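Asks: Dropping the structure in here first, questions after.
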Amino acid sequence: MNENTATPRITPRDWMKRSMIDGMVALVAGGGSGMGAATARTYAANDGHVVVADLNLDNAEVVARDIRAEGGRAIAIRMNVADPEAIEVAVAATVAEYGRIDSLINSATWSQNCMLEDVDMKDWADAFQTNVHGPLLLARACLPYLRKSPNPAIVHVGSLAGVTGYARKSAYSASKGALIAMSRQLALEWGVDNIRVNVLVPGTIETPLFSKMVHPTIHERFLRGTPLGRLGTPEDMADLAVFLVSPAASFITGQAINCCGGFSMDSFVIPAGMTETLKEARAQMSDDRTD
């Protein structure tokens, strides 16, 4: 291609040195805790403005208050992603406060243990209402404002359960798989408006609640099954979410991106016939060489 006809670079080469979302506005659903809270804080720390929307208003207020205390700009609002009226109120509040919406980051979710043969259809419906129907209505409510943005982007938080299935997570797995498919359809249809839509697929995230709920042997299994040798943090997910809605990711859309420390490819972390992980085997080899 002739240099004179090449598409000009959209982002500056030194984009990591500067805020790419300065003054842009993100509506963060599920922003009162976990990945959502970390994402709201990271977005604000990079000079973006945030609406922290959560079913638990007290949690959302804490996150927004922390952001403001650090010099950022944020408001909190109660929003149930499963409630169409609450979605409309949250979007209206965002526009009333900031006059625009550039990014929608949705980490709100519904999950409950159940097997397909036993799943209560009300639970099935609740899973799809929160994990699929609500995110669609939320995206559609934001659409008129995203169309006006110079950098419109949506990130939905999915799950490996929606890619591979998880034991005893039948409704959750099915609905997260549907969320991925829906997000790709949105990316296809809304690409004409330059709106990018991606799904962040987390691995196992280390939180106090996770450590409390999971038996130590299962916790160890997750650790041993992760090539990087550690579980993820909410901040790991937040960094990727904010990158994906920034102009630095201007040519990424329609993707489900695993952020799991390699857990999703763990078939050979503990190879057949071995009792140790690759990391443990490497350490043993090093010890043998020094003996």
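The values are calculated or read from the model by the stated rules, or taken from the named source; none is laboratory data. These figures come from a predicted structure and were not determined experimentally. Methodologically, a virtual Cβ is constructed for each residue, glycine included, from the backbone with ideal geometry; neighbour enumeration extends over all protein chains shown. Side chains included, ligands, DNA and RNA excluded: accessible areas come from the protein's heavy atoms. Shrake-Rupley method; radii C 1.70, N 1.55, O 1.52, S 1.80 Å.
Asks: As an exercise, use a Förster radius of 22 Å and the Cβ-Cβ distance of Arg147 and Ala45 to find the FRET efficiency, rounded to the nearest 0.05.
Replies: E(calc), rounded to 0.05, equals 0.20.
Asks: Across segment 51-106, how large is the tail of the calculated P(r) beyond 17 Å, expressed as a percent of all Cα pairs?
Replies: Beyond 17 Å sits 36 percent of the P(r) for segment 51-106.
Asks: For the chain, which whole-number percentage of the solvent-accessible area (1.4 Å probe, protein heavy atoms only) is attributable to carbon and sulfur atoms?
Replies: In the chain, the share of accessible area belonging to carbon and sulfur is 54 percent.
Asks: Ratio of alpha-carbon Rg to the 2.2 N^0.38 Å globular estimate for segment 30-134, to two decimals, please.
Replies: Dividing the Cα Rg of segment 30-134 by 2.2 N^0.38 Å gives 1.17.
Asks: With a probe of 1.4 Å, find how much accessible area the chain has per residue, and write the answer as a whole number in Å².
Replies: Ligands and nucleic acids excluded, the result is 52 Å² per residue.
Asks: Also: Using the per-residue mean of other Cβ atoms lying within 10 Å as a proxy for protection, in what order, highest first, do the peptides 252-264, 99-111 fall?
Replies: 99-111, 252-264
Asks: Let's test the formula: R0 of 45 Å, r as the Cβ-Cβ distance of Asn194 and His215. What FRET efficiency results, to the nearest 0.05?
Replies: With R0 = 45 Å, the Cβ-Cβ based efficiency is 0.45.
Asks: Can you work out the Karplus-derived ³J(HN,Hα) for every residue in segment 168-182? Use 6.51 cos²θ - 1.76 cosθ + 1.60 with θ = phi - 60°, whole Hz, and x for glycine or proline.
Replies: 6, 10, 4, 5, 4, 4, 5, 6, 6, x, 5, 4, 5, 5, 5
Asks: Here is a further query. Using the alpha-carbon atoms, what tilt in degrees (0 to 90, nearest 10) does helix 278-290 show relative to the longest principal axis of the chain?
Replies: Here the helix axis deviates by roughly 50 degrees.
Asks: Kindly rank 50-63, 140-153 from highest to lowest mean number of other beta carbons found within 10 Å of each residue.
Replies: 50-63, 140-153
Asks: How much FRET efficiency would the formula 1/(1 + (r/R0)^6) give for Ala96 and Ser250, where r is the Cβ-Cβ distance and R0 is 41 Å, rounded to 0.05?
Replies: 0.90
Asks: Hey, another quick one. Using the Kirkwood formula on the Cα atoms of the chain, what hydrodynamic radius do you get, in angstrom to one decimal?
Replies: That comes to 20.2 Å for the chain.
Asks: Over segment 155-254, what number does the Rg to Rh ratio reach, with both radii from the alpha-carbon atoms and Rh per Kirkwood?
Replies: With Rh from the inverse mean 1/r over Cα pairs, Rg/Rh is 1.03.
Asks: Given labels modelled 7 Å from the Cα in the Cβ direction, how far is it in nm from Leu228 to Ala69?
Replies: 2.8 nm
Asks: Compute the helix-to-body angle for 57-69: its Cα long axis versus the longest principal axis of the chain, expressed 0 to 90° and rounded to tens.
Replies: Taking Cα atoms only, the helix is inclined about 80 degrees.
Asks: Let me ask something else. First select every other residue whose beta carbon is under 15 angstrom from the beta carbon of Ser103; then total the charges, Lys and Arg +1, Asp and Glu -1.
Replies: 0
Asks: Now for a different question. Checking the cross-link filter: which lysines have an alpha carbon closer than 27 Å to that of Lys148, excluding same-chain neighbours under 8 positions apart?
Replies: Straight-distance partners of Lys148: Lys17.
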